[in-house]
Structures are given as structure tokens and as C-alpha cells.
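A.B. asks: Pasting in a structure now, in C-alpha cells, and then I'll have a few things to ask.
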Amino acid sequence: PISFENVALSPGSYVIGWTRKEDSLSITFYDATTGTQRGTASAHRLTTGYRVESFRIWPPGDHAILQIGRFALPYTLGE
């Protein structure tokens, strides 16, 4: 299981989409097989020191983030 803000996802297949806001990205998670929306979270602009990545999921640890371009969304892993 993985959680992004208030969106908890159990193991499975998911699709994400995002919409650019003024200073953030609104990221929406969908179930891949049914298209059912599972929730929305906000990614915020990264501080300097990170290179721009089109899409990257950093491994858990000091930088447990989902990175899209210049924006990042922290995550936590469940048990």
C-alpha cells in the first residue's frame, strides 16, 4: 500500500493524471481497470537542488516523493 496526502492506494494498477495550477499540480489517481477516481492530491514546486525529471518515483527514504517536472508529492508506504 502507498499513500499520497489523503489518498490511500492498495496494491493494484493505477493511472494518474495531472492539471497545472498556478503554483502546484493537481494530481488525480484512477483505478486502471475501471477508471474509477480514487482521489486527488497536490504536488508543490521543488526547492532548488533537484534536477527536473519528466516523471520519477524516488525510493523510500530521505526523498520519498513522486516527481513530475519541477513538482513533488510526498508519499508513505504502508505495511
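The values are calculated or read from the model by the stated rules, or taken from the named source; none is laboratory data. Fair warning: this is a prediction, and the values are worked out from it, not measured in the lab. Here the Cβ positions follow ideal geometry from the backbone for every residue, glycine too, while neighbour counts run over all protein chains shown.
A.B. asks: Those residues that are aliphatic (A, V, I, L, M) and either in contact (Cβ under 8 Å) with a residue 60 or more places away in the chain or within 15 Å of Phe55 (Cβ to Cβ) (or both), I need them from the stretch 1-31; list them, please.
C.D. replies: Ile2, Ala8, Val15, Ile16, Leu25, Ile27
A.B. asks: Taking the options Ser54, Ser26, name whichever one is surrounded by 11 or more Cβ atoms within 10 Å (Cβ to Cβ), over 19 Å from Gly78 (Cβ atoms) and of a type in the set (S, T, N, Q).
C.D. replies: Just a single option satisfies the conditions, and that option is Ser26.
A.B. asks: For the condition modelled with pLDDT under 95, surrounded by fewer than 16 Cβ atoms within 10 Å (Cβ to Cβ) and part of a loop (DSSP other than H, G, I, E, B), what is the one hit in Gly49, Gly35?
C.D. replies: Matching residue, one of Gly49, Gly35: Gly49.
A.B. asks: Another question about this same structure. Anything in the stretch 20-47 that is touching a Leu at 6+ places or on another chain (Cβ under 7 Å) and not small (Gly, Ala, Ser)? List them, or say none.
C.D. replies: If the condition is that a residue be touching a Leu at 6+ places or on another chain (Cβ under 7 Å) and not small (Gly, Ala, Ser), then Ile27, Phe29, Arg38 are the ones that fit.
A.B. asks: Which residues, taken from the stretch 58-79, are out of contact with any Phe, Trp or Tyr (no Cβ under 6 Å at 6 or more places or on another chain), in a loop (DSSP other than H, G, I, E, B) and either of a type outside the set (Gly, Ala, Ser) or surrounded by 12 or more Cβ atoms within 10 Å (Cβ to Cβ) (or both)?
C.D. replies: Within the stretch 58-79, Trp58, Pro59, Pro60, Asp62, His63, Arg70, Glu79 meet the criteria.
A.B. asks: Within the set of pairs 6+ apart or on separate chains, which have a first residue in the stretch 45-68 that is under 18 Å from Ser26 (Cα atoms), a second that is at pLDDT 90 or above and among the acidic types (Asp, Glu), and C-beta atoms under 8 Å apart?
C.D. replies: That search, which allows pairs on different chains as well, returns Arg45/Asp23.
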